[in-house]
Amino acid sequence: MRFKSVMLALLLAAPTAAMAQQPQPPAGDALFTRACATCHKPGQTAVPPPEALREYTPAAVLNALTNGKMAIQGATLTTAERVAVAEFVTGRTLAASTRRSNQCTAGTPTADPMRGPRWPNAISFFIRSTSPLTLRIGVISSR
């Protein structure tokens, strides 16, 4: 009986210990202050100030930090840190901003290349464009 209660206690304590060891997401405000605020100051005209960054979507800020104009500065940050900065400066979460009302929800239809007009191949074009008269003239002129 004692063995069962010890095992039960260990099983209940294991998930709690694992949850305590999970890293917390980085704080976007601290990252922005450390990595971005030296250039992105209020009233700035050379780069977008924090007020202007709020108008962007988190996906746009994340793209700028990953592939765009801010890729060099974003290279010093992990992916989780770039997401945290994007969410902090825009004031929105990345998942909430990915759905936009102006995007198509239906898949893009693909055209079947075998339907509709096609360029004729050389032989069928030659056969259709030549009449018996044209063929006779060609035979006579080649002699």
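Coordinate-derived values only; no laboratory data. In this text, all values refer to a predicted model and were calculated from it rather than measured experimentally. Don't worry about glycine lacking a Cβ; one is built from the backbone with ideal geometry, like all the others, and counts go over all protein chains shown.
Please order ARG34, ARG2, ARG92 by the number of other Cβ within 10 Å, starting at the fewest.
ARG2, ARG34, ARG92
Suppose a student asked you for the relative contact order of the range 24-97, using Cα pairs under 8 Å spaced at least 6 residues apart; what percent would you report?
Reported as a whole number, the value is 42 percent.
List, in order, the whole-Hz ³J(HN,Hα) value for each residue of the range 32-46 obtained from phi through the Karplus relation with A = 6.51, B = -1.76, C = 1.60 and θ = phi - 60°; use x for Gly and Pro.
Karplus-based 3J(HN,Hα) across the range 32-46 equals 4, 4, 6, 9, 10, 5, 5, 9, 8, 9, x, x, 6, 10, 6 Hz.
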